[in-house]
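Read the structure below first, then the notes.
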Amino acid sequence: MEEWVGGIWHRFITRKASTDFFDARVEFNQVSKSIGVVFRALGGDALKRVEAASPREYLERRSFLQKISGDNQQLSLAWQDEESLRLPESLAVFPTVSLNRDLYIWLAVLAAHHQGKFHHWAIDNQELVVEVLKRYPALQGRYHRLAQAFVQTRPDISKLPPEEQAMEEAIIEAVLTPGSVHEFPVVNFAPRAVYLWLYPSATLDDVLMPEYPDDVEQQETVSGAKKSETSRKKAERVDSPESRSGMMIFRLETMFSWSEFAKMDRGTDDSEDDDDDNQRVVEDLDKITLSQQQNQKSARIKIDMDLPSASEDDIPMGEGLKLPEWDYKKQHLVDDRVLLQPMLPKDAIAKPLPQRLRKISKTIQAQFEQLRSVRYWLKAQPQGEELDMASWLDFHVESQIAPTQEKGLFQSFRGNNRDLSCLLLADLSMSTDAYLDDNTRVIDVVQDSLLLFGEALHSVGDNFAMYGFSSVKRSNVRFSMLKNFNEKYSDDVRGRIQSIRPGFYTRMGAAIRQATKIMVEQKSSQKLMLILTDGKPNDIDHYEGRFGIEDTHQAIAEANRLGIKPFCITIDQEAEEYLPYIFGSSSYTVILKPSQLPIKLPQLYHQLTNQ
């Protein structure tokens, strides 16, 4: 009964104290895609995530009802940092849905043109608004509607102290006439939130973040933790206590003796439940406080996947190849940064095409018949297999009128060979060990795709090669050799494909650079590189995150400059967040049903080479 009454009271007092227009509320997830398109189309960083901002502390003067209800202690405001643009979780500051939607779009436009940090929040925002309206005059009408609605929602300032009245008047003038206010009074409370402006970043200061050299990078992940689907938390750093020990007080008689053994059932693993509990706790926290301890042993311990022993590993071919890698922070290629090791799959023996794929293979080969060399008659030739009747008739008529020199009177049957080379590069990272259903893993689907792809291209006579790749840091990029260009497609190749296994991580840039070097040696006029993957570029060193995406983007740009056409096929459902930047908007496709990949891959090749 108490909980029921308390719930009713909470809803009543919260709604009474709030200044929001509940009926006009617009949630972030309703407009997130539109915001992302606007932000990137107007010059925003293509790699920045666009996500909801968690509420942050905002010390403004609150009314009596707001103090009772606890409202307005924290607000979800618009801000951005190097990694993402964070916009309010919802907007109900204006009385109509259209105005709140327009406000989301306006904030995305501002964020696309704001670079660096704020020096003076109010003055810098005015300059930013002036710049945007000057560059896009068509936005002036939308901005003025928002500004007028903003003024109408501001509270009565007659009861505020003189300094806060002056601050409120300055803000209203700055919003109505951007760039007109250059001085703002100092007040004890922050002004009521100005949702038309961006706010400073709420992330940790860069100075407080520790730096690690390349060989001792630290992975900041929590095992098994689930990603929050709503927003990120504000964090702060604090100094760790100087003391190394403390006082523990307990009664000795409370300790167990050897005879008081307590049997406990540990038959089940509770780690998953613990992770769920931890995630719920994180969601309930307003702020996460971190302490940096220099003598923490976990900072010096790094758990990594063990490489297989030499007797169980694939067969290395040579001492490896040194390749460059793009450092996006310094904006240049670092020579000899990566060691790529060509390898042959272990225990690969000649095998025929599996029986379960033969029927599908024949169907695909039938579809590829039209890609075979097209034969046609070449007219008006000096010699050939048959007489060209049209040319002979023209010659006969002209010779009756006047002496005419004999021209080509024959036609010849010729063939038009496809001048094309294709290289298929398959991601063999550890994520391919995941199960799609009770019986099928991703690696099984990749194997079937490579086999059917090879059968299709072999039947049509196109020149092709196939490789796989995975990595463990920059010193061990594994490049599996499945079929070279000058190698006949045979049971030996089929056997190698059927012996591939899930590897490690996805250092995609190095694999693409090696594939580019191989394709440059081909003499064909058309060169197609297909990249088959199930996730974004990553590795356990600095390659995680933006570094890997930027390096892969640069490797693709290098391939394009050399006349190679890269195209990515992925089963990653989140690929649209990063693939348009890496490959371009028209050079990738997402396979929604991974089980359809073996059939879709040859069909995509058919479309790409028959245009």
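A quick yes/no check of all residues on (1) within 18 Å of residue 177 (Cβ to Cβ); (2) touching a Pro at 6+ places or on another chain (Cβ under 7 Å):
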{"residue": "75", "(1), (2)": "no, yes"}
{"residue": "78", "(1), (2)": "no, yes"}
{"residue": "82", "(1), (2)": "no, no"}
{"residue": "85", "(1), (2)": "no, no"}
{"residue": "112", "(1), (2)": "no, no"}
{"residue": "125", "(1), (2)": "yes, no"}
{"residue": "138", "(1), (2)": "no, no"}
{"residue": "141", "(1), (2)": "yes, no"}
{"residue": "149", "(1), (2)": "yes, no"}
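Just one residue in the set 523, 536 is more than 30 Å from residue 486 (Cα to Cα), modelled with pLDDT under 95 and open to solvent by 30 Å² or more (accessible area, probe 1.4 Å); that residue is 536. Exactly one residue out of 506, 516, 552 is polar (S, T, N, Q), open to solvent by less than 20 Å² (accessible area, probe 1.4 Å) and under 13 Å from the mean Cα position of the chain (by Cα): that is 552.
Of all residues being outside any helix (DSSP H, G or I) and in contact (Cβ under 8 Å) with a residue 60 or more places away in the chain in segment 145-171, which is surrounded by the most Cβ atoms within 10 Å (Cβ to Cβ)? Just the residue, please.
So the residue we want is 160.
Scanning segment 114-155 for residues being over 14 Å from residue 173 (Cα atoms) and β-branched (Val, Ile, Thr) gives a total of 2. If the condition is being open to solvent by 10 Å² or more (accessible area, probe 1.4 Å), within 19 Å of residue 324 (Cβ to Cβ) and assigned to a strand (DSSP E or B), then segment 441-481 contributes only 478. Counting only helices (runs of 4 or more DSSP H) that fall entirely inside segment 536-611 and contain at least 2 residues that are under 21 Å from residue 472 (Cα atoms), the qualifying elements are 546-561. One residue stands out in segment 94-142 among those that are without any contact (Cβ under 8 Å) to a residue 24 or more places away in the chain and of a type in the set (Gly, Ala, Ser): the one that is least open to solvent (accessible area, probe 1.4 Å), namely 141. Within segment 147-182, if we keep just the residues that are in contact with a helix residue (DSSP H, G or I) (Cβ under 6 Å, 6 or more places away or on another chain) and not small (Gly, Ala, Ser), the residue that is nearest to residue 94 (Cα to Cα) turns out to be 150.
Checking each residue in segment 57-100 for being of a type in the set (Val, Ile, Thr) and either in a helix (DSSP H, G or I) or modelled with pLDDT under 60 (or both) picks out 68, 97. Looking across segment 314-351, just one residue is in contact with a strand residue (DSSP E or B) (Cβ under 8 Å, 6 or more places away or on another chain), of a type in the set (Gly, Ala, Ser) and in contact (Cβ under 8 Å) with a residue 24 or more places away in the chain, and that is 318. As a summary of the residue check, residue 356 satisfies the conditions (1) surrounded by fewer than 12 Cβ atoms within 10 Å (Cβ to Cβ); (2) at pLDDT below 90; (3) basic (Lys, Arg) except for the one numbered (2). Any residue at all in segment 579-591 that's aliphatic (A, V, I, L, M) and in contact with a His (Cβ under 6 Å, 6 or more places away or on another chain)? Among the residues of segment 579-591, at least one is aliphatic (A, V, I, L, M) and in contact with a His (Cβ under 6 Å, 6 or more places away or on another chain), which makes the answer yes.
Scanning segment 310-331 turns up one or more residues that are modelled with pLDDT under 80 and under 26 Å from residue 489 (Cα atoms).
So, in segment 555-588, of the ones that are closer than 12 Å to residue 516 by Cα and of a type in the set (D, E, K, R), which residue ends up surrounded by the fewest Cβ atoms within 10 Å (Cβ to Cβ)?
Step one: filter segment 555-588 for residues closer than 12 Å to residue 516 by Cα, giving 555-566.
Next cut, of a type in the set (D, E, K, R) only: 558, 561, 565.
Working: 558: 18, 561: 9, 565: 16.
Here the answer is 561.
For the criterion of being farther than 24 Å from residue 521 by Cα, in contact (Cβ under 8 Å) with a residue 12 or more places away in the chain and open to solvent by 30 Å² or more (accessible area, probe 1.4 Å), residue 544 passes.
The values are calculated or read from the model by the stated rules, or taken from the named source; none is laboratory data. Since the structure is predicted, the reported quantities are computational estimates derived from the model, not experimental observations. Because the Cβ atoms are built from the backbone with ideal geometry, glycine has one as well, and the counts that use them run over all protein chains shown. These area figures cover heavy atoms from the full protein model, side chains too; ligands, DNA and RNA do not enter into them. Shrake-Rupley method; radii C 1.70, N 1.55, O 1.52, S 1.80 Å.
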